[in-house]
Amino acid sequence: MIHRGEDVIIRTIARMLIPFIQLYALYVIMHGHYSPGGGFQGGVILGASLVLLLLTYGYHDARSRISEKIMIIFSSLGVLIYAGIGFLCLLLLGNFLDYSMLSRILHVDAAHARSLGILGVEIGVGFAVMAVMVSIFLDISTGGVLPGDEEEKEKQVPVSEV
Amino acid sequence: MEKFFLAVALGICFLVLLVLYRVVFGPGVFNRVAAISAVGTKTLIILLIVGFLYRRVDMFVDISIVYALLNFIGCIAVAKYLEMEQ
Amino acid sequence: METIQNILSGLFLLGGVFFFATATLGLLRFPDFFTRLHATGKGDTLAVTLCLIGLAIHEGMNLTSVKILMIAVFMFLAQPTSTHAISRAGVRCGLEIWRKKEKEG
């Protein structure tokens, strides 16, 4: 599924549409409290847009933007945001994920603090879900061996030969 | 006006049942992929009309945008896979 | 004003359903895969655009009708692209093209 092709039409349309798909995914994450959506659904749409990029451009050309290393960083960042907000509420003498304690730092009343806390948690979930979707796609479609790993193995000098 | 929308939705549902014949009996996988894409397009309109019947259109519009996106990406993914098999 | 909105949206919806019906008829009755792609690729796109314009007119000047028109623009761009992708895959896999049989006699 990740191989080079010379299809100009699909590449042009994908290049035009992907930023708008990502903008719509951000809208879905932000409006989770009012309309259907939230963190997980927005993360899936973000991941789907990156999967479209990988499908139409191939792994060699898209590697500068979507590599395995960047996806690992993003997934860890998402979990860090989620757990970080929870522990921040713990440090402020509340329960774990007790968002009303955030009103001491942010100087707003408790209802606003709860709303902002949920928004931050949803953003973390969105990052993590996007990274995991792209990572699963890369693993399934290449069988575990990315095209760049074979070149790196050839460059390694053998350790010792008896 | 609501009865007119209900009649249109039932008509498109009947057309979906007709297209399912091509999904089941299409010789080969290509006919099935084209028919599934057509079913997805008709489902989009049915979703919006159901939203009108419940008087909550602004909820159903978001869902139908996402369904159009996923229909498009899925069709391209299957086409790439079938091309690579050669 | 509301009566004109209702009549216009009804006309657009009826046109959309007509084109959906002809596209389905083509999908069922055409002899070959590529001809069926013609039917569903073009007919479905036009029908979806007409239906969505009809639904947007029924809503009036609203944020929801702008979103519905955005779906229409997206479908207008994306559905011919997916038809192109699947037909290219069909050509590269070597599906045979239907030719009209010559009548003898």
Across the alpha-carbon set of chain C, Rg over Rh with Rh taken as the Kirkwood radius works out to 1.15
Taking C:91-98, C:53-60 and ranking on average Cβ neighbours within 10 Å, highest first, one gets C:53-60, C:91-98
For B:Tyr81, A:Tyr34, A:Tyr82, ascending order of other Cβ atoms within 10 Å (fewest first) is A:Tyr34, B:Tyr81, A:Tyr82
When B:Ile63, B:Ile12 are arranged by how many other beta-carbons sit within 10 Å of their Cβ, fewest first, they go B:Ile63, B:Ile12
Taking Cα pairs closer than 8 Å and at least 6 residues apart, the relative contact order of region B:2-84 in percent is 28 percent
For region A:8-144, using Cα atoms only, the Rg and Dmax in Å read 17.6, 58
Whole-Hz Karplus couplings 3J(HN,Hα) for region C:64-81, θ = phi - 60° and coefficients 6.51, -1.76, 1.60, Gly and Pro as x, run 5, 6, 5, 5, 5, 5, 5, 4, 4, 5, 5, 5, 5, 8, 8, 5, x, 5
Long-range share for chain B, i.e. C-alpha pairs more than 22 Å apart as a percent of all pairs, stands at 37 percent
Expected integer from the mean partner chain Cβ neighbour count at 10 Å over C:85-97 is 6
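Laboratory data are not the source of any read-out in this text; all were calculated from the coordinates shown. All of these numbers come straight from a predicted model, not from anything done at the bench. Because the Cβ atoms are built from the backbone with ideal geometry, glycine has one as well, and the counts that use them run over all protein chains shown.
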